[in-house]
Structure formats: C-alpha cells, structure tokens
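Below is one structure, written out as structure tokens; the observations come after it.
The values are calculated or read from the model by the stated rules, or taken from the named source; none is laboratory data. Keep in mind that this is a model prediction, so the values were computed, not measured. All Cβ positions, even for glycine, are placed from backbone atoms using ideal geometry, and neighbour counts span all protein chains on display.
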Amino acid sequence: MSELEEVPDGVDLPRGEADLAAAARQLRAVPAGPRAVEVANRVLQRALAAPRRSVMIRAAAPHEHLRVSSIAVTAIVRERLDEALVDAAVRHVVLDVDRDGLLSSVTVDLVVRYGTVVADVGEQARALARQALDETLGRPEPGGEVPIAIGHAHVSDVTVGDPHLVDPADERA
Amino acid sequence: MSAEKPSAPPVGDASDHALARRAGLGDREAFAELFARLFPGTLRYATHLLDGDARAAEDVVQEAWIKAWRALPDFAGRSTVQTWLFTIVQRGTYDRRRRRRPLAVDDDLLEPLALRASQNRPAPSSRTDPEREYLQRELWETLQLALSELPWTQRSAWMLRELEDLSYAEIAQVLDTTPTVVRGQLHRARRTLAIRMEQWR
C-alpha cells in the first residue's frame, strides 16, 4: 500500500471523492447516543477513582499520629491560592517529604499575568500556602519538631490573558 | 496589582491547557470539564480504529483516561492536551489490535462488520425522504467498510484529520512520525477511500 492505488476502469474518481466528503460530513455529525453518555459517566468515575502516586505526610504536634496524603495537601494549596489570587495561578506544588514523613519544604510555582507586581503576588501566595498547610497538617509550634517551610514562590512563566483561564503553552502555540 | 477575589473563574471558560494544569494539581472539576470536551472524540477514534467493536473501544478509552488522570501531574504542555490524549488512545488501540488473533478474510467474516456498521450509523431523520435516507445509509455503510480495509496508519491519519480536525503536525505527534509522512498517508487514504466509495456503490 505504499504506492498510490490505480484507478480501475469504470471508476469515476471525482464522484467517489464527492461521496467520500459527504460520508465524512455524516460521520462528523453523528451525535453521541445514550450508550455513549452512559459509557462517559462510567469512564469518568473510574478515572477519578484511579490512585495517583503520593506520599503520606505527618501532621504537626500534637496530631503527629495523623498522616495526610501529599495529593490532598497539593489540592488544598492549589485551591486556596487559585481562589484568592488575581492575575496569578498555581502551576506546580512541590512538597519535599523526608523518610520519616516530615514535610521539609514546599515550593509553589506560579504563572502570572504579564505586568503583575511579582513580589506582591509572591508574598500573598506564601501567606496563603502557609495558611493552607496549617489547616491541613496543623500549626507547628515555634521550634517544634515538624518544621514546615515555604521554600519559595517563584514565577515560572507569564501569560497575557488571565492565568486562571489560559496557560503559557496556549500563548506559545 | 493583586488583590483577593471571591473565587476563581468558571472552568468552562478555561483553555484545555489551563484545565490540564488544574487537573494535574487535583482539581476534579477541571478534569471533568476536560473530559466532557475530549471524551467523545477519543471514543469515536478508538471505535473506528477497532472496526466498530464498541466494547473493545470502551475498554481502551477507559484505560486511556485512567492513564491521563494519573499522568496529568507530569503533563508538561509540549503538545496540545487533545494530541496527548489521542496518543494514549492510539497506543492502547494498537496494543489491543496486536493481541487479536489474525483472521482469514472471507465474505462470512465481512458480514458481521457490515452489520456493526449499520448498527453504528446515524439515526434516520423523520424529515428526510426514504430515497435520500437510503442513499445516506448506503454512503455511511460504504465508508465504514472502506475505512476498515485501510492500513492502520492511513486509517488513523484520515480519522484524525477528517473527524477530529487535527493538523498534520499534531497527527504526526500522535502517530510518532513526520508531517511529510502524514501528508502522504492522507493522500493515499483519500484516494483509496474514494475508489472504494465508487466501486462498492
């Protein structure tokens, strides 16, 4: 099939091409039937139930017996920041967890809109992330054995539009 | 310049990349929106690649979306989200086909294929006249059969271009080849399909 197929005698190629275009239009227009809707619901539920890689993080004293999944911590940090920040959105949350399950640092990677005062957004993000960590893992006592440090919030990329709605990848395209 | 606001904008207004970023960080609502946008295309693609075998296509697509959910935290945005998903589906369907035992092709075996094509065809519209409806059905079934006869990469390239509107570069990413090769595959696919459409009518 590497070479073009010869057009057999008696075959009207332009008519075949017109038929092909008409059939392709039909195929594109087929609406999703009830079965497809049913399948979609099932697939979505199963996908969302699939486990992601995670580590368990030890909560602060006096709740150090409690372990919280890194997935939950990441999701809550993202939610708090994305809901509160204007002209900035979370791109990555990196949690450094040692072998004992202690959270040693958090890095929040932001996408900001072009022209935003980065220092202000960074400080706001740092405070919001701290608050989210305190709520999920408990507030560590000063000098306590579970230090939670915000590594740094840095700006990885910028967007022209609202970074909650677009991504730098959209604007590179 | 930054100030607190009540809540983030609705997911429906977000781009696929922005949704993928949020879903990668655990936002289920963003994932559900991405799913609503892209699931129909992935199911259609898998169904046609697997000769209309709906059950096999559902399995492949389900596995692909599970992989996507797990891999989204590492999605770097180097391709479009749609292209990335079609690549996962493409690999799944390819593996599924490889596991199938080869079958000898004769008229008896083609009969169920034609039957499946007729089961998948669009529902007739009550407003079209019977003759037109018959011609539409005939076109539809002929295309289904002609597609099933195409070599794998030609069929895949044709569907991604004509049904999913991907660019040559995006198709090349899905099929792990070059846009030039895709152009050639599409040219051959269109010619073969047009010939079959004429021969089998």
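Go through (1) facing chain B (nearest Cβ under 8 Å); (2) within 18 Å of residue A:133 (Cβ to Cβ); (3) in contact (Cβ under 8 Å) with a residue 40 or more places away in the chain and name the single condition residue A:88 misses.
(2)
When you go through (1) within 11 Å of chain B (Cβ to nearest Cβ); (2) at positive phi one by one for residue A:101, which number turns out not to apply?
(1)
Which residue is modelled with the lowest pLDDT, if the candidates are limited to the range A:150-173 and must be among the hydrophobic types (A, V, I, L, M, F, W, C) and surrounded by 14 or more Cβ atoms within 10 Å (Cβ to Cβ)? Walk me through how you get there before you give the answer.
Let us first name the residues in the range A:150-173 that are among the hydrophobic types (A, V, I, L, M, F, W, C), namely A:150, A:153, A:155, A:158, A:160, A:165-166, A:169, A:173.
If we keep only those that are surrounded by 14 or more Cβ atoms within 10 Å (Cβ to Cβ) too, we end up with A:150, A:153, A:155, A:158, A:165-166, A:169.
Details: A:150: 41, A:153: 52, A:155: 60, A:158: 76, A:165: 90, A:166: 89, A:169: 84.
If we take residues in the range A:150-173 being among the hydrophobic types (A, V, I, L, M, F, W, C) and surrounded by 14 or more Cβ atoms within 10 Å (Cβ to Cβ), then A:150 is modelled with the lowest pLDDT.
Is it fair to say residue B:198 is part of a helix (DSSP H, G or I), among the charged types (D, E, K, R) and at pLDDT below 95? Spell out how you get there, then give the answer.
Numbers: part of a helix (DSSP H, G or I): yes; among the charged types (D, E, K, R): yes; at pLDDT below 95: yes.
Yes, satisfied.
Loosely packed, with under 12 Cβ neighbours inside 10 Å and more than 19 Å from residue B:30 (Cβ to Cβ): which single residue out of A:51, A:34 fits that description?
Details: A:51 fails: more than 19 Å from residue B:30 (Cβ to Cβ).
Just a single option satisfies the conditions, and that option is A:34.
Here is a list: B:154, B:173, B:185. Which entry is in a helix (DSSP H, G or I), within 22 Å of residue B:89 (Cα to Cα), at the interface with chain A (Cβ under 9 Å from one of its Cβ atoms) and at pLDDT 85 or above?
Working: B:173 fails: at the interface with chain A (Cβ under 9 Å from one of its Cβ atoms); B:185 fails: at the interface with chain A (Cβ under 9 Å from one of its Cβ atoms).
Residue meeting the stated conditions: B:154.
Search the range A:115-126 for residues being at the interface with chain B (Cβ under 7 Å from one of its Cβ atoms) and buried (at least 19 other Cβ atoms within 10 Å of the Cβ), and hand back the single one that is nearest to residue A:87 (Cα to Cα).
Only one residue tops the list, namely A:116.
How do the pairs read when you match residues in the range B:10-30 that are among the basic types (Lys, Arg) with residues anywhere that are not in a helix (DSSP H, G or I), using Cβ under 6 Å and keeping only pairs 6 or more apart or on different chains?
Close Cβ pairs satisfying both conditions: B:21/A:167.
Mind telling me which of the residues A:106, A:77, A:73 ends up being of a type in the set (A, V, I, L, M), more than 10 Å from chain B (Cβ to nearest Cβ) and under 26 Å from residue B:69 (Cα atoms)?
It is A:106.
Scan the range B:158-172 and give yes if some residue there is more than 19 Å from the chain's Cα centre (by Cα) and of a type outside the set (A, V, I, L, M), otherwise no. Let's see the steps before the verdict.
Taking the range B:158-172 as the starting set, the residues that turn out to be more than 19 Å from the chain's Cα centre (by Cα) are none.
Within the range B:158-172, not a single residue is more than 19 Å from the chain's Cα centre (by Cα) and of a type outside the set (A, V, I, L, M).
Just one of A:93, A:97, A:112 is under 30 Å from residue B:42 (Cα atoms) and surrounded by 13 or more Cβ atoms within 10 Å (Cβ to Cβ); which is it?
Working: A:97 fails: under 30 Å from residue B:42 (Cα atoms); A:112 fails: under 30 Å from residue B:42 (Cα atoms).
None of the other options fit; the residue is A:93.
Tell me whether the range B:28-43 contains one or more residues that are surrounded by 21 or more Cβ atoms within 10 Å (Cβ to Cβ), among the small types (Gly, Ala, Ser) and more than 7 Å from chain A (Cβ to nearest Cβ).
Looking through the range B:28-43, at least one residue is surrounded by 21 or more Cβ atoms within 10 Å (Cβ to Cβ), among the small types (Gly, Ala, Ser) and more than 7 Å from chain A (Cβ to nearest Cβ).
Scan the range B:157-191 for residues that are free of Cβ contacts under 8 Å to residues at least 24 places away in the same chain and of a type in the set (Lys, Arg) and jot them down.
B:183, B:191
Looking only at the range A:90-103, which residues are within 29 Å of residue A:167 (Cβ to Cβ) and of a type outside the set (A, V, I, L, M, F, W, C)? Let's see the steps before the verdict.
So the first thing to find is which residues in the range A:90-103 are within 29 Å of residue A:167 (Cβ to Cβ), and the list is A:90-97, A:103.
Within the range A:90-103, A:91, A:92, A:96 meet the criteria.
Applying the selection to the range A:13-28, what residues are over 40 Å from the mean Cα position of the chain (by Cα), of a type outside the set (A, V, I, L, M, F, W, C) and at the interface with another protein chain (Cβ under 7 Å from one of its Cβ atoms)?
Result: A:15, A:16, A:17, A:19.
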